[in-house]
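The values are calculated or read from the model by the stated rules, or taken from the named source; none is laboratory data. Not measured: the values here are computed from a predicted model. Glycine gets a Cβ as well: all are built from the backbone with ideal geometry, and neighbour counts include every protein chain shown. Areas reflect the complete protein model, heavy atoms only, side chains present, ligands, DNA and RNA absent. Shrake-Rupley method; radii C 1.70, N 1.55, O 1.52, S 1.80 Å.
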Amino acid sequence: MDRKEFSAKTVSEAITKACVAFEITSDNLDYKVISEGSSGFLGIGAKPAVISAKVKEEEETSKAVEVKAEVKASPEKKALKAKEDDIPVEDRAVDFLNKIFEAMKMEVSISANFDETEQELSINLEGEDMGILIGKRGQTLDSLQYLVSLIANKESEGYLRVKLDTENYRERRKETLETLAKNIAYKVKRTKRPVALEPMNPYERRIIHAALQNDKYVTTRSEGEDPFRHVVIALKKEASSGDRKGRYDRNRNGRYEQRSGGYKGGGRRNNYSESSAKEVKAAETEE
């Protein structure tokens, strides 16, 4: 078998890609490191790791013997096996995960559901020590999800979205990030200084953006290159450039009236909620 090149952020990830492509375990992979890759400075000038890989000779010989045996025993069975797209995508995903957990010597119950309308494969894992599969900030779970996505989309015409979860981690993480976004937004309003969050994957960055998209005083933006791309929360320009002066207009009676939100000049209360009024007051005090 000819060698093929695989690139990823790290050598380890490149090896994993090669194993998925060849459908073998790492002990049956013959590879050479072409480039170790580098993270660069703050993501600038980052270079991917590159390896040259092929299946070990022993594995190739073993596979050839298996194919010959199948042809003699049952040609029809071989034809069905070769056509992977006849196998339901959820079965392929579950089979792949079972092999991983077997190698890890973990007993994990897997339930999978494929929604053809949404083109989404949802997989839930149950068992003991699920924290091992979640990893630090969900990194292990994200890696497993990425690998399952490669398997699910390998023989698919369109793109299938894969969602891998355990112990409702995704929803709990979402709530944690939303709380973090609001707390950092409060800090930015108080100090008038932007805050850069830790690097996050695209899914988590979207949660931060969505949590603050309707905030009147702060804005969010993504900066840097993967794997160091992160969200920056900053005060909006109109809020930091003395917009408070433009919030009040003099009416016909010579009294100042707030254009939108807060209280009008005569002390009559408008439809602002109490919490919103406190936020406006806090923001104006800091300006």
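With T219, T176 as the choices, which residue is of a type in the set (V, I, T) and without any contact (Cβ under 8 Å) to a residue 12 or more places away in the chain?
T176
Does E178 count as open to solvent by less than 60 Å² (accessible area, probe 1.4 Å), within 19 Å of Y146 (Cα to Cα), out of contact with any Asp or Glu (no Cβ under 8 Å at 6 or more places or on another chain) and modelled with pLDDT of 90 or more?
For E178, the condition - open to solvent by less than 60 Å² (accessible area, probe 1.4 Å), within 19 Å of Y146 (Cα to Cα), out of contact with any Asp or Glu (no Cβ under 8 Å at 6 or more places or on another chain) and modelled with pLDDT of 90 or more - is not met.
Within segment 101-158, how many residues turn out to be aliphatic (A, V, I, L, M) and open to solvent by 50 Å² or more (accessible area, probe 1.4 Å)?
4
Write out, first by first residue and then by second, each pair whose Cβ atoms fall under 8 Å of each other, whose residues are 6+ apart or on separate chains, and whose first residue, in segment 108-122, is more than 16 Å from E157 (Cβ to Cβ) while the second is acidic (D, E) and open to solvent by less than 70 Å² (accessible area, probe 1.4 Å).
A112/E90; N113/E90; S122/D115; S122/D165
Which helices (runs of 4 or more DSSP H) sit wholly inside segment 111-212 and have at least 3 residues that are farther than 26 Å from C19 by Cβ and among the charged types (D, E, K, R)?
Counting at least 3 such residues, we get 169-191, 202-212.
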